[in-house]
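The values are calculated or read from the model by the stated rules, or taken from the named source; none is laboratory data. Owing to the predicted nature of the structure, the values given are computational and were not obtained by experimental measurement. Cβ: placed from backbone, ideal geometry, glycine included. Neighbour counts: every protein chain shown. Note: accessible area is taken over every heavy atom of the protein model, side chains too, but ligands, DNA and RNA are not part of it. Shrake-Rupley method; radii C 1.70, N 1.55, O 1.52, S 1.80 Å.
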Amino acid sequence: MYGLHTMGTGLQEMAGKKANRVLEILTSVPIVGMLVGTVVTIVVQSSTLVTVMVVSLVNSTMLNLKQAASVIMGANIGTTLTAQLVAFRITDIWVYCAAAGFLVYFFAKRKSIKTTGLVFFAFSMLLLGLSLMTDAMRPLREEPTFLNLISNFSDNRILAMLVGLIFTAVVQSSTAVTGVIVAMTMEDLIPLSAALPLIIGTNVGTCFTAVLASIGGSTAAKRAAAVHVVFNATGALIFLIFLPQFEAAVLFISPDYDVPRQAANAHTLFSVVSTAMFLPLIGLLVKFVTFIIPEKKTDGEDEKVTSFLDRNMVNNPTMAITMAQKELVSMAEIAGKNVQLALDGFVGKKKKKLKLLKKQEKLVDKMEKEIVSYLAAVSQAGMGRHMSIRHAGLLHAANDIERVSDHATNIAKLAQQVIEEKIDFPRDAIKEIEDIFKPVSEIFKTAVQSVSENDTKLIPRIKELESLIDKKEKEMRTAHIKRIARGEISAEGGIIYLDVLSNFERIGDHSMNISHLPQGKL
């Protein structure tokens, strides 16, 4: 279990970000989604992790239900790789993998190469665990109680399937349980007739984690988990009914008298045939799940503040930080609209714009609290150095974006005062406000774009805009003081005007801070 966990973590750190993007982009065609699910599961070595990722992506509206169904089908195929490795009896090479992994990890300088060493070392632990487990099972061949229990498995396929189901639900890894089953066949502890229903049970038990992940999620997330349950449970029922034919097919494609290979091939055959049956019917599967889990009607007060954050992903830092980044960009879009509303309220004296800004400011505050709370939970999981820097950058960016919205609110309050006290400004003063707004709006949008696209090439333009804003603010302040001296505006109106300028300049400063968020690959 330690080997599986560490190997999955290392592989995910090497390719997790790409895996997330692949899941989002390449899943519009069902067969492509199935292939993507297979490959990503092989990469991260856990169908459970991939399925939970899919549930989270659906919950965050990054995947639709049809895309999720195809990826889940592919994940079932990808997870059969470990059983095949065990069946080929490669456990004796664990010492070589351990030595190679340790040497690479110890001497390598680049982080990516060190992670590769960690993966090799974790793989050796997986092989060592399976080897020790196989040796420990050897005495059971002469244990009457155990042999009698196995005999019941061979005679009662329902009981065997339930044991496989419960074992997998408890361990939360069909890969590990299937490895145990294959190891048991190596020591002649169970025949193929007992191994088959156990393997079928593991495919149903693996749905348990996805169901847990969907609890508290959106209706779409619950439907994604239901797709997994319906797909695996229906496949299990069909194979259980036709168990003799299933066994004959396994024997036909496997070497004679090699039960471990037969068990591993059974696991692969189950997943491949189930997918082949359901992939053409994926539209009907989605309709059925949508029918049994209808959309809930929620009151406006119960609506989620955030769209992308999923608490089930906090132990998966790569995925969690990607979601937090998307939520941050969503929050920034609202803050940017608030700045525009503040300008409209001030220049056009539009009360409706100011009321809308007040409402949206509360939303920005709530989103910032949710993002900070989410990132605090993510920080409890293990992260590499680069990801930790990125994590800290997102926390600071959330604060800066919230401050941008605060400055927009400050301008709105000044606009409200102008409306109530009927203060008028000279036309050239209003023109100057509109002029400084243009680079302020551009710098904020460019800073958010640099975060959204991880694009460091935008930073020089951001610096250029920040200098331009500072220059304009000084020129406008000087010009306005002269207007006050000439009596073109009241002292009170003059103070309000200078406060508006100051708030716009501060928005530029916070935008600059946002763009300093560490860029690059996660």
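A few comments on the model shown:
- Rounded, prolate or oblate (a/c below 1.5 giving rounded, otherwise prolate when a/b exceeds b/c) for the stretch 166-243 by Cα gyration tensor: oblate
- Structure-based [θ]222 nm, the chain - -39500 (n - 2.57) summed over DSSP H runs of at least 4, per residue, nearest 500: -27000 deg cm²/dmol
- Per-atom-type breakdown for the chain gives carbon and sulfur 61% of the accessible area (1.4 Å probe, protein chains only).
- Sorted peptide list for 240-247, 177-184, 106-113, criterion being average Cβ within 10 angstrom, highest first: 177-184, 240-247, 106-113
- ³J(HN,Hα), Karplus 6.51/-1.76/1.60, whole Hz, each residue of the stretch 261-272, x for Gly, Pro: 5, 5, 5, 5, 5, 5, 4, 5, 4, 4, 5, 5
- Taking a ≥ b ≥ c as the square roots of the Cα gyration tensor eigenvalues, the stretch 355-486 comes out oblate, since a/c reaches at least 1.5 and a/b does not exceed b/c.
- Over the stretch 151-269, relative contact order from alpha-carbon pairs under 8 Å, at least 6 apart, %: 30
- Normalised size of the chain, defined as Cα radius of gyration per 2.2 N^0.38 Å with N residues, equals 1.26.
- Efficiency of FRET between residue 340 and residue 470 - r from beta-carbon atoms, R0 25 angstrom, step 0.05: 0.70
- With every protein chain in place and a 1.4 angstrom probe, the accessible-area ranking of 257, 497, largest first, reads 257, 497.
- Accessible-area rank, largest first, for 132, 394: 132, 394, with all protein chains present and a 1.4 angstrom probe.
- Of 353/422; 350/471; 366/422; 355/463; 353/482, those spanning more than 26 Å from alpha-carbon to alpha-carbon: 350/471; 366/422; 355/463; 353/482
- On the beta carbon distance between residue 366 and residue 485, with R0 = 35 Å, the FRET formula returns roughly 0.20.
- A Förster distance of 56 Å, applied to the separation of the beta-carbon atoms of residue 452 and residue 145, puts the FRET efficiency at 0.35.
- The chain: angle of helix 243-253 to the longest principal axis, Cα-based, in degrees nearest 10: 90
- Dimensionless Rg ratio for the stretch 457-514, taking C-alpha atoms and the 2.2 N^0.38 Å reference: 1.34
- In plain terms, the bigger the Kirkwood radius, the slower the diffusion; for the stretch 227-281, with that radius from Cα pairs, at 25 °C and 0.890 mPa s, Stokes-Einstein puts D at 209 µm²/s.
- Derived scalar couplings between HN and Hα for the stretch 463-470 equal 4, 5, 5, 5, 5, 5, 5, 4 Hz in order, rounded to whole Hz, by the Karplus curve 6.51 cos²θ - 1.76 cosθ + 1.60 (θ = phi - 60°), x for Gly and Pro.
- Cα-only radius of gyration and Dmax that characterise the stretch 312-403, units Å: 15.8, 51
- The stretch 223-333, accessible area per residue, ligands and nucleic acids excluded (1.4 Å, Å²): 49
- A simple spin-label model places pseudo-atoms 7 Å from Cα toward Cβ; at residue 352 and residue 256 they are separated by 8.5 nm.
- Per residue, the accessible area of the stretch 382-495 comes to 51 Å² when a 1.4 Å probe rolls over the protein heavy atoms.
- Average Cα contact separation per residue, the chain, under 8 Å, 6 or more apart, as relative contact order %: 13
- Taking 0.692 mPa s as the viscosity and 37 °C as the temperature, the Stokes-Einstein diffusion coefficient of the stretch 119-269 based on its alpha-carbon Kirkwood radius rounds to 202 µm²/s.
- Given in Å, the Rg to one decimal and the Dmax to the nearest whole number for the Cα atoms of the stretch 191-327 are 19.2, 64.
- For the stretch 311-355, the normalised intensity computed at q = 0.31 Å⁻¹ comes to -0.96 (log10 of I(q)/I(0), Debye sum over alpha carbons, equal scatterers, no solvent).
- The chain: angle of helix 47-59 to the longest principal axis, Cα-based, in degrees nearest 10: 30
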